[in-house]
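To start, the structure itself, in structure tokens.
The values are calculated or read from the model by the stated rules, or taken from the named source; none is laboratory data. Everything numeric in this text was worked out from a predicted model, so none of it was measured. Here Cβ is always computed from backbone atoms with ideal geometry, including for glycine, and neighbour counts include all displayed protein chains. Surface areas here come from the heavy atoms of the whole protein model, side chains and all, with no ligands, DNA or RNA. Shrake-Rupley method; radii C 1.70, N 1.55, O 1.52, S 1.80 Å.
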Amino acid sequence: MQMADCPNDAHYCSCCAKVTQLEQQNAFLRTQLNLALAVLKADVSPTIAARPFIGSLPPEILDRIVTYMDSANIMTLCHAVPSLKYISQAIFDVGTAFDMDIEYLFPEFWFPIRFKVNTDIQRGEIPGAPLELVGDDREKVALLARLVTRHGGISKVQAHSVEYTRSVSRLLPSMIDVYMETCDVFGCAENFRGVDSYEAILVAFLETGVGIRRLDIPQVAPGETGYMNRPEFLAIAANVEQLRSFTFFPSIFLLSCPLLVSIEFNCSSFESYSFSMLLELLPNHPSLLRVVFEAMLNSKTLEPALLLIEKLGKVGWNCSRGSGEFFGWNCVVWEKKEVKDANPS
């Protein structure tokens, strides 16, 4: 409510007084947050003089600061601020229990898996099968998952089997990323390697009641994407913001993802008609901003996507070349103009 809209005398109206009070509190918190971030930006390791200042900030500001941290500096911050030690302790407990590096613990928490060495990608290792969670380790994982979500991160859970999904259902936070195990060749996940069908596993995730923010779509033969139009699968689409797909899929599914912001297609090759089909969809999607086409084997199949630059311009989109975000191979990027214009680099 705005004070100017209130029919009562602002001097005596309790609702307007409350609004004023809240605005003053928000202004104070914003000032404190900016000061704290300035200290951290100047020196990731807080100096002795800075520590009392940071530690005396309100809990709301400290929680907000944590959301700006990555795996390189979260532990330093927690050690500098005693009231945040519970976060570093949770990270340490899971990392020790499963021998995991911090880059897999915060701000993206990968539910414990076996990693496989692979020199074909930048990370040098790829996700293998998930580890069984038993005893106290289950509580450690559940706690870290909750903390990561609370501070703006995400938990990444593998689509491995119906049994595994149900076994971790009580450990899951309210929102997760669902990904597929990658194969040893190039570290890609083109062919699904799970125990049960992908459809059955996603339905099991749906039954847990969690939302899925980022979702992998495996490669399937032409005509086998019909399951994506079923009510169960469309229900999953409600929370999806990012898709990484190894196949083209029905437009009805894309239109059923009202929050979808980006799609990353990683395919061995592309058929020219696929680009035209997707182009027709762009003006009708309410939130889609970016589409990346990354060719794993034959980059020449990306040429038709570049030839659509004029048609893309007519619907408010740009087209450019680039390098794929995951594999680093040649790719074509379609990006909505206001986003491209706001980020000229």
field: Hits in the range 84-100 (condition: open to solvent by 90 Å² or more (accessible area, probe 1.4 Å) and either outside any helix (DSSP H, G or I) or under 13 Å from ARG146 (Cβ atoms) (or both))
entry: ASP99
Pairs, first over 12 Å from LEU254 (Cα atoms) in the range 270-288, second surrounded by 11 or more Cβ atoms within 10 Å (Cβ to Cβ) and among the basic types (Lys, Arg), C-beta under 8 Å, six or more apart: LEU279/LYS311
message: Being at pLDDT below 85 and farther than 30 Å from ILE201 by Cα is the requirement here; does THR247 meet it?
response: no
field: Conditions (1) crowded, with 17+ Cβ neighbours inside 10 Å; (2) of a type in the set (A, V, I, L, M); (3) modelled with pLDDT under 75; number of the one not met by LEU260
entry: (3)
query: Taking the condition of a type in the set (Ser, Thr, Tyr) and touching an Asp or Glu at 6+ places or on another chain (Cβ under 7 Å), does SER161 pass?
result: yes
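Just to be sure, is PHE253 surrounded by 18 or more Cβ atoms within 10 Å (Cβ to Cβ) and at pLDDT below 85? So that I can check it myself, show each step before the final result.
On the way: surrounded by 18 or more Cβ atoms within 10 Å (Cβ to Cβ): yes; at pLDDT below 85: yes.
Yes.
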query: Does any residue of the range 204-226 turn out to be crowded, with 21+ Cβ neighbours inside 10 Å, touching a helix residue (DSSP H, G or I) at 6+ places or on another chain (Cβ under 7 Å) and modelled with pLDDT under 80?
result: no
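Taking the range 254-278, which residues are polar (S, T, N, Q) and either part of a loop (DSSP other than H, G, I, E, B) or touching a strand residue (DSSP E or B) at 6+ places or on another chain (Cβ under 7 Å) (or both)? Give the derivation first.
Quick first cut of the range 254-278, residues polar (S, T, N, Q) only: 256, 262, 266, 268-269, 272, 274, 276.
Within the range 254-278, SER256, SER262, ASN266, SER268, SER269 qualify.
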field: Checklist (1) in contact with an Asp or Glu (Cβ under 9 Å, 6 or more places away or on another chain); (2) modelled with pLDDT under 90 applied to GLU60, failing item
entry: (1)
